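Shown next, in structure tokens, is the structure this report addresses.
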Amino acid sequence: MSTKKLNIGEEKGFSFIEVLVALTILAVITVTFIPLLSNSFKLIFEAGRRSDATYNAHANMEDKLAKAETGDIFQLEMSFEKIEAPGTFVNVTVQGKKVKTTEPWGLNNEKEINYYTFYPE
């Protein structure tokens, strides 16, 4: 039969220095990524505020159109190329009204979303 002799200093496991180095590496990685996460959250909240403002501007535009609020008289001019005669264009002019709605957004309402629509008469 063989017997093992256990000597002090031959224990298995991590030394204090190894644990300290691992914690230092983990701390450096964590400190590096915290600003990245912070900026990501800032951009997510800003996108949410912009989305809310876009929804509100769209709803305001629908209200204006439903109430038939008058807009500025506007002339929409479009030009189309003929398929059967390339290089030849047809111009179309449509009279109507242009309606605008504006919705402020941003942390201090420093930005605006502008919605325009045109409806022919």
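Taking the Cβ of Thr102 as the center, what net charge do the other residues with Cβ under 12 Å away carry, scoring Lys and Arg +1 and Asp and Glu -1? Before the final figure, lay out the partial values.
Details: positive: Lys64, Lys100, Lys111; negative: Glu103, Glu112.
Surrounding charge for Thr102 is +1.
Read phi for every residue in region 67-72 and hand back ³J(HN,Hα) as whole Hz from Karplus 6.51 cos²θ - 1.76 cosθ + 1.60, θ = phi - 60°, with x for Gly and Pro.
Couplings: 8, 6, 5, 6, x, 6 Hz.
If the only charges are +1 at each Lys and Arg Cβ and -1 at each Asp and Glu Cβ, what is the size of the charge dipole of the chain around the Cα centre, to the nearest 20 debye?
Working: 13 positive and 16 negative charges, 114 e Å.
About 540 debye.
Where in region 102-121 is the amide nitrogen less than 18 Å from a point lying 7 Å along the Cα-to-Cβ axis of Asp72?
Zone members listed by number: 102-103, 112-121.
So for the chain, if I pair up every lysine 8 or more residues apart or on another chain, how many of those pairs have alpha-carbons under 21 Å apart?
For the chain, qualifying lysine pairs total 9.
If you add up the charges near Val92, with Lys and Arg at +1 and Asp and Glu at -1, over every other residue whose beta carbon is less than 13 angstrom from its beta carbon, what do you get?
On the way: positive: Lys82; negative: Glu77, Glu81.
Taking every Cβ under 13 Å from that of Val92, the sum is -1.
Hey, of [x] -0.39, -0.56, -0.96, -1.04; [y] -0.60, -0.78, -1.02, -1.06; [z] -0.19, -0.35, -0.86, -0.97, which did the structure itself give for log10 I(q)/I(0) by the Debye sum over Cα atoms at q = 0.09, 0.12, 0.18, 0.19 Å⁻¹ when calculated?
[y]
Which Cα, out of Met61, Asn114, Leu43, lies furthest along the positive dipole direction of the chain (beta carbon charges, K/R +1, D/E -1)?
Result: Leu43.
Taking the Cβ of Glu69 as the centre, find all other residues whose Cβ is under 13 Å away and add up their charges (Lys, Arg: +1; Asp, Glu: -1).
Numbers: positive: Lys64, Lys67, Lys97, Lys98, Lys100; negative: Glu62, Asp63, Asp72.
That sum, taken over residues with Cβ under 13 Å, equals +2.
In the chain, if the dipole is taken from +1 on Lys/Arg beta carbons and -1 on Asp/Glu beta carbons about the Cα centre, which of Val28, Leu76, Pro104 is farthest to the positive end?
My answer, from the dipole projection, is Val28.
Less than 13 Å from a label point 7 Å out along the Cα-to-Cβ axis of Thr54: which backbone N atoms in region 90-119 qualify, by residue?
113-115
Using just the helices of the chain, give the 222 nm mean residue ellipticity in deg cm²/dmol: DSSP H runs with n ≥ 4 each add -39,500 (n - 2.57), and the total is spread over all residues, rounded to 500. Walk me through the numbers on the way to the answer.
Values: 1 runs with 51 residues, N = 121.
Calculated mean residue ellipticity at 222 nm is -16000 deg cm²/dmol.
Only the coordinates and a few stated rules stand behind these numbers; no lab work does. Note that the coordinates shown come from a computational prediction; the quantities given were computed from them, not determined experimentally. Note: ideal-geometry Cβ built from the backbone for every residue, glycine included; neighbour counts use all protein chains shown.
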